[in-house]
Amino acid sequence: MKHPSTREFFAYWDEKRGTARAPDRSEIEPGAVRGLLGDIFVLSYDATAGYPFRVAGTRVSALLGRDLKDRSFSALFAADGRREIEEIIAVVAEEMLAAVAGITATSENGSPAHLELLLLPFSPRAHAPISLTGLLAPFESEHGVLHDFKLTSWRYLGHQPQKFVPRALRKLAIARGFMVYEGLS
């Protein structure tokens, strides 16, 4: 992760998840990431609608020159790169892995703009639609409205190492009441 906002939001999300694969949506407190809210968004995991924005920060909306609520996230990308971003979103939501990506976009005057994208899963809830959050941060401040996003690089961020308890101890920890020990006859 290269952008300071990306590192800060990932660290907060990572702290909230603890040893779980992802935090619950309710665990993310907007006040705790107040300075980042303009760059943060939430997507609905709905492939047929192009993973629409449920919420988008003011700086994200300004980058694209419009309100983004209910607009397709994958439609921001050039047609030849949409499949890649849709596959990344699927991995983040289904495998519950974080992803960070480098993006190049085209500004109003035709010059390239460079951004960093962070996608983070939420822990799924029963009877609730799947959603994920993320952050989109530009490296340059003078770029105007952007379009035709292209992925330049991406990687998945693995899970924290889990502490493994030996199998015999796990069995004893869950065993209650009457126990039968196997032995030699």
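The values are calculated or read from the model by the stated rules, or taken from the named source; none is laboratory data. Keep in mind it's a predicted model, so treat the numbers as computed, not measured. Here the Cβ positions follow ideal geometry from the backbone for every residue, glycine too, while neighbour counts run over all protein chains shown. For the accessible areas, the whole protein counts, side chains as well, though only heavy atoms, and no ligand, DNA or RNA atoms are used. Shrake-Rupley method; radii C 1.70, N 1.55, O 1.52, S 1.80 Å.
What number do you get for the range 7-51 when its Cα radius of gyration is normalised by 2.2 N^0.38 Å, N = residues?
Rg over 2.2 N^0.38 Å, computed on Cα atoms: 1.30.
So which residue, out of ALA128, ALA113, ALA47, gets the largest mean-square fluctuation from a GNM of the chain using Cα contacts under 10 Å as springs?
Top of the fluctuation ranking is ALA128.
What number in nm² do you get for the range 1-125 if you take the convex hull of its Cα atoms and divide its surface by four?
7.9 nm²
Where the only charges are on Cβ atoms (+1 Lys, Arg; -1 Asp, Glu), what is the dipole of the chain about its Cα centre, to the nearest 20 debye?
Details: 22 positive and 22 negative charges, 171 e Å.
Magnitude of the dipole: close to 820 debye.
Using a probe radius of 1.4 Å on heavy atoms only, what accessible surface per residue do you get for the chain? Whole Å² is fine.
Spelled out: the 1.4 Å probe surface of the chain, per residue, equals 59 Å².
Roughly how tilted is helix 82-95, in degrees to the nearest 10 and between 0 and 90, from the longest Cα axis of the chain?
The helix 82-95 is inclined about 30 degrees to the chain.
Per residue of the chain, what 222 nm ellipticity follows from adding -39500 (n - 2.57) for every DSSP H run with n ≥ 4, rounded to the nearest 500?
The per-residue figure over the chain is -7000 deg cm²/dmol.
Suppose R0 equals 35 Å. What FRET efficiency, 1/(1 + (r/R0)^6) with r the Cβ-Cβ distance, do VAL42 and ASN109 give to the nearest 0.05?
Values: r = 31 Å, r/R0 = 0.87.
Result of the calculation: an efficiency of 0.70.
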